[in-house]
Every structure is written in C-alpha cells, then in structure tokens.
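K.L.:
The structure is given below, and queries will be raised subsequently.
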Amino acid sequence: MAITAAITAVEGYLPDYVLTNQELSQMVETSDEWITSRTGINERRILKGKEKGASVMAIEAVNGLCKKRGISPEEIDLLIVATVTGDYIFPATANIVCDKVGAKNAWSFDVNAACSGFIYALTTGAQFIQTGAHKKVVVVGVDKMSSIIDYNDRTTCVIFGDGAGAVLLEPNTEGLGIIDFKHQVDGGGRVHLYQKAGGSVKPPSIESVEKKEHFVYQEGQAVFKVAVKQMADVSYEVMKRNNLTADDIAWLVPHQANKRIIEAVAKRMDLPESKVMLNIHKYGNTTSGTIPLCLWDYQKQLKKGDNLILSAFGGGFTWGAIYLKWAINN
Ligand code: UT7
C-alpha cells in the first residue's frame with residue numbers, strides 16, 4: 001500500500017495569562033456582550049515577559065510532543081513552523097526551535113500564510129513523508145499575536161490571542177493520515193488584512209511607529225464576507241470530491257477566527273454542532289495555532305479511522321481544506 005502521512009501525536013502550549021473580555025472592557029470601549037455575540041470569544045491567552053518570542057511557546061509544544069510520542073528530538077528529520085509573528089524577520093523561528101529542543105539532525109523553515117499557515121505547513125510536511133524522504137516531520141503552528149496588536153484598537157484587540165500547537169507526521173501504510181487537500185490564494189485580498197510596515201516596502205522608522213503601522217490592520221467586514229464564502233466552498237469541495245457525506249465526517253476542525261464563520265461553514269457541509277471543534281471561547285484567534293490547538297483539546301474524543309476536515313481562511317488571502325483519517329487511538 002502507498003505511504004501516507006499520518007499524525008501520530010499532538011501537543012499544545014498556552015501561556016498562563018488569561019485576558020478576559022471584562023479586562024478588555026476596561027482598556028477599550030467594548031463589552032463582554034459585544035465580543036461574545038459578534039465573535040464567540042470569552043477570553044484569550046497572552047505571553048507575558050520581556051523578550052519572549054513565539055519560539056518560547058513552540059519549544060514547549062515540541063518538547064511535549066516528543067515526550068508524548070517517546071522520541072528524542074534528534075530523530076526529527078524536518079521541522080516546519082507556521083507563523084506570522086516569528087522571533088525575528090530572519091532567521092526562521094523553526095531554526096531557533098530546532099536549536100533549543102536539540103533537533104540536531106533536522107532541517108527546518110518557516111511558512112508564512114497567516115491563518116492558513118498550519119494547513120499549508122501540514123500539507124508541505126506530508127509530502128516529505130509520502131515520498132519516503134523522511135520518517136519524522138514536526139509541524140508547528142504558533143503565533144504571539146499580542147506582539148502585533150494595538151491594545152487601543154477595539155476592532156482587533158478583542159479577537160487575537162497567543163498560543164502554539166504541534167503535530168508529528170509519520171509514515172502510514174494502512175490508508176490513514178492525509179488523503180486530500182486543496183489550498184488557494186488571492187493576493188488581491190492582501191490590502192484587507194496585513195501589517196503595513198516592518199518589511200522591505202516600509203522598513204521600521206519613527207514615522208511608521210508613530211502611525212502604528214506595525215500592528216495588524218484589518219477591515220473586518222471585508223474579510224468576514226470572503227472568509228465565509230471561501231472556507232465553506234473549499235470545505236464542501238474537499239468533502240464532495242472524496243465522496244463524503246455529512247454522516248461520514250466525524251469532525252470539522254475549523255480555523256477559529258469567528259464563531260459565526262465556523263457556523264456558516266458547518267451549515268454548508270450540513271454538519272451538526274456536535275461534530276465541530278470549537279475552542280475560540282477560550283483562546284480567541286491564535287492565527288497559526290488554532291487548528292493544532294483544536295486537535296489537542298479534542299484528542300481524547302478522536303478515534304482511529306475518524307474522517308476529519310481541517311479548514312482555514314486567512315490574510316493573504318489564503319485558504320484551504322485538508323481531508324485526513326485519524327490514525328491513532330488516544
Ligand atoms: O483569522 C483571519 C481572518 N480574519 C477573520 O476571519 C475576521 C473576519 N471578521 C470578523 O470576524 C468580524 O468582521 C469582526 C469580529 C472583526 C467585526 O465584527 P462585525 O460584526 O463585522 O463588526 P463591524 O466591523 O461591522 O462593526 C460593527 C460596529 C461598528 O460600529 P458602528 O460603525 O456600527 O457604530 C464598530 O465600530 O461595531 C463596532 N465595533 C465594536 N463595538 C464594541 C467594532 N469592534 C468593537 C468592539 N466593541 N470590540
């Protein structure tokens with residue numbers, strides 16, 4: 001049988017500090033009622049402490065992952081980190097993670113696809129397993145969104161949080177693991193959700209700092225409309241082309257950007273709420289972290305052979321869906 005890439009372990013890491021809707025209501029003009037009804041978020045985690053980058057959370061997740069699977073980090077062949085808030089513009093955060101966890105035999109790189117980063121990275125990692133090039137690939141989704149959020153801007157500060165999730169991919173010959181994917185991009189959408197300065201178009205300057213151009217800029221409604229359509233369409237398409245009905249699907253694992261977007265995707269797929277992973281109320285939108293953190297939260301309920309659809313939409317615009325068969329019993 002052909003080799004497929006299967007997830008054989010999942011781990012997550014969330015910083016201790018809980019930023020509640022209540023606390024945010026004292027920082028900006030907002031309310032628990034507005035945030036809960038418009039987004040589904042009750043609280044989010046924030047990584048506190050000086051000079052602590054996204055790698056701090058990724059390292060915790062990868063160390064936990066290796067421990068859980070009972071492997072040494074030296075066995076990792078490739079480590080991919082999906083993030084938009086890497087420790088530095090360069091080098092890649094993945095390199096720092098490899099160094100700090102002792103993944104001495106791995107090569108590594110970062111993937112920048114905003115909220116679709118984890119699914120893009122998962123598909124990329126899977127290719128190296130399927131071709132037989134590698135035996136152990138670690139895929140991390142991590143973001144320290146608090147480092148690029150303006151806590152005076154109520155339209156963005158209520159949404160995002162910090163967190164990391166990691167999975168291990170290994171070869172499978174039972175037909176389990178990643179079966180299909182579809183990823184898309186529309187660079188024209190970049191103007192609706194991005195960080196205006198800090199890159200080579202506008203390197204940091206006094207002016208860029210004064211204009212708050214190092215923070216997330218988002219036109220919420222414009223993004224919302226496209227997110228609902230594209231995430232629903234691509235999830236439905238992956239479901240249909242694999243001849244899956246709603247009954248065949250055990251779980252939808254959606255990117256956690258807004259509860260209303262998730263509900264629209266589930267509706268299009270005709271899935272009941274009970275089959276939809278949801279943790280946005282606890283962590284908000286952790287960008288690259290949302291999907292592995294869902295798998296981590298729900299792992300006890302997953303059974304070998306379960307059909308999962310992973311689905312995301314994010315800045316870029318980027319979007320896509322993955323069909324996988326869960327390969328382990330927890
Ligand atoms: O994860 C990657 C991709 N990102 C997304 O998928 C995010 C997609 N967008 C969204 O989830 C939603 O558009 C938001 C949650 C960002 C905003 O919700 P909305 O229902 O689209 O609100 P809106 O932007 O249309 O704003 C409605 C009103 C405005 O007031 P006026 O102009 O009607 O007086 C806003 O100023 O709500 C106001 N508002 C707030 N009020 C209280 C915006 N943010 C807040 C807030 N608290 N935090």
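Every number here is computed from the coordinates shown, using simple stated rules; none is lab data. These numbers were taken from a predicted model, which means no experiment stands behind them. So basically every Cβ, Gly included, is an ideal-geometry build from the backbone, and we count neighbours across all protein chains shown.
K.L.:
Could you give me the ³J(HN,Hα) list for region 313-328, computed from phi with Karplus coefficients 6.51, -1.76, 1.60 and θ = phi - 60°, whole Hz, x at Gly and Pro?
P.N.:
After applying 6.51 cos²θ - 1.76 cosθ + 1.60, I find 9, x, x, x, 5, 10, 7, x, 8, 10, 9, 9, 9, 4, 10, 10 Hz.
K.L.:
Run the helix sum for the chain: -39,500 (n - 2.57) per DSSP H stretch of 4+ residues, divided by residue count, reported at 222 nm to the nearest 500 deg cm²/dmol.
P.N.:
Working: 11 runs with 108 residues, N = 330.
Calculated at 222 nm, the ellipticity per residue is -9500 deg cm²/dmol.
K.L.:
Among Asp150, Asp87, which comes first, then next, by fewest other beta-carbon atoms within 10 Å?
P.N.:
Asp150, Asp87
K.L.:
Highest mean first, how do 245-254, 158-167 rank when packing is the count of other Cβ atoms within 10 Å averaged over residues? Walk me through the intermediate numbers first.
P.N.:
On the way: 245-254: 17.7, 158-167: 29.3.
Peptide ranking by packing, descending: 158-167, 245-254.
K.L.:
Karplus couplings for region 134-149 from phi (6.51 cos²θ - 1.76 cosθ + 1.60, θ = phi - 60°), rounded to Hz, Gly and Pro as x?
P.N.:
These are the phi-based 3J(HN,Hα) values: 10, 9, 9, 10, 9, 10, 10, x, 9, 8, 9, 4, 4, 7, 10, 10 Hz.
K.L.:
Out of residues 5 or more away from Asp150 or on other chains, whose amide H comes under 5 Å of its own, with H placed 1.01 Å from N in the peptide plane?
P.N.:
Sorted by chain and number, the residues that satisfy this are Val216.
K.L.:
So what's region 4-175 giving for Cα Rg divided by 2.2 N^0.38 Å, two decimals? Spell out each step's value before the answer.
P.N.:
Details: Rg = 17.4 Å, N = 172, 2.2 N^0.38 = 15.6 Å.
Computed over Cα atoms of region 4-175, the ratio equals 1.12.
K.L.:
Name the residues whose placed amide hydrogens come within less than 5 Å of the amide hydrogen of Gln184, ignoring near sequence neighbours (fewer than 5 apart) on the same chain.
P.N.:
Trp319, Gly320
K.L.:
Turning to a different aspect of this structure: Against the empirical 2.2 N^0.38 Å scaling, what ratio does the C-alpha Rg of the chain come to? Intermediate results must be reported in sequence, preceding the final value.
P.N.:
Details: Rg = 18.7 Å, N = 330, 2.2 N^0.38 = 19.9 Å.
With N residues counted in the chain, Rg over 2.2 N^0.38 Å equals 0.94.
K.L.:
Can you pull the one-decimal nm distance between simple spin-label points at Asn152 and Glu23, each 7 Å off the Cα toward Cβ?
P.N.:
2.1 nm
K.L.:
Report the gain in length on full extension from Asp306 to Lys52: 0.36 nm times residue separation, minus Cα-Cα distance, nm rounded to one decimal. Let's see the in-between values first.
P.N.:
Working: separation 254, 0.36 × 254 = 91.44 nm, distance 3.73 nm.
Full extension from Asp306 to Lys52 adds 87.7 nm.
K.L.:
Using a Gaussian network model of the chain whose springs link C-alpha atoms within less than 10 Å, name the residue from Gly132, Gly199, Gly316 with the highest mean-square fluctuation.
P.N.:
Between Gly132, Gly199, Gly316, it is Gly199 that shows the largest mean-square fluctuation.
K.L.:
Also, quick follow-up: Would you kindly derive the ³J(HN,Hα) couplings of region 173-181 from the backbone phi angles with the Karplus curve 6.51 cos²θ - 1.76 cosθ + 1.60 (θ = phi - 60°), listing them in order in whole Hz, with x for Gly and Pro?
P.N.:
So the J values, rounded to whole Hz, are 10, 9, x, 9, x, 6, 9, 7, 8.
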